[in-house]
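Peer 1: Structure incoming, see below.
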Amino acid sequence: MFANLLQFFRDRDPADFDGPFVQSVQVKRPVPRNPRVERVILLCWALIAVKHVLVIWAVHHYPVPFHQLWVNFPTFVLGLVATWAYYARD
């Protein structure tokens, strides 16, 4: 966003000074949480947990050249961000 610096080089009418101020505020009621979406979030966390167990098993069972957290940590962080985004939307 760029500031409009040209406004400082022109004369302004004093009657326009009240224009940019807030005239009214309307408060909306928060949308109630949807139980169906919360069940989907719980299902996704269960799938993330199953994926974590499978990745840990696969890394220990097969000779792979990386640690299991290279796969599990980003999944966990993305799940946390998505869950936080839903619950912090108030």
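Peer 1: Within the range 69-81, how many residues turn out to be surrounded by 13 or more Cβ atoms within 10 Å (Cβ to Cβ) and either closer than 15 Å to Leu47 by Cβ or touching a strand residue (DSSP E or B) at 6+ places or on another chain (Cβ under 9 Å) (or both)? Steps first, answer last, please.
Peer 2: As a first pass, look at the range 69-81 and keep what is surrounded by 13 or more Cβ atoms within 10 Å (Cβ to Cβ): 69, 71-72, 75-76, 79.
The next check asks that each one be either closer than 15 Å to Leu47 by Cβ or touching a strand residue (DSSP E or B) at 6+ places or on another chain (Cβ under 9 Å) (or both); those that pass are 71-72, 75-76, 79.
Residues flagged as surrounded by 13 or more Cβ atoms within 10 Å (Cβ to Cβ) and either closer than 15 Å to Leu47 by Cβ or touching a strand residue (DSSP E or B) at 6+ places or on another chain (Cβ under 9 Å) (or both) within the range 69-81 amount to 5.
Peer 1: List the residue pairs whose Cβ atoms are under 7 Å apart, where the first residue sits in the range 17-35 and is under 18 Å from Thr83 (Cα atoms) and of a type outside the set (A, V, I, L, M, F, W, C), the second is modelled with pLDDT under 85 and open to solvent by 100 Å² or more (accessible area, probe 1.4 Å), and the two are 6 or more positions apart or on different chains.
Peer 2: Sorted first by the residue in the range 17-35, then by its partner, the pairs are Pro30/Asp90.
The values are calculated or read from the model by the stated rules, or taken from the named source; none is laboratory data. Just so we're clear, the structure is a prediction, and the values are computed from it rather than from any experiment. Cβ sites come from the backbone with ideal geometry, for glycine too, and all protein chains shown count toward neighbours. Protein only, heavy atoms only, side chains kept; ligands, DNA and RNA dropped before computing areas. Shrake-Rupley method; radii C 1.70, N 1.55, O 1.52, S 1.80 Å.
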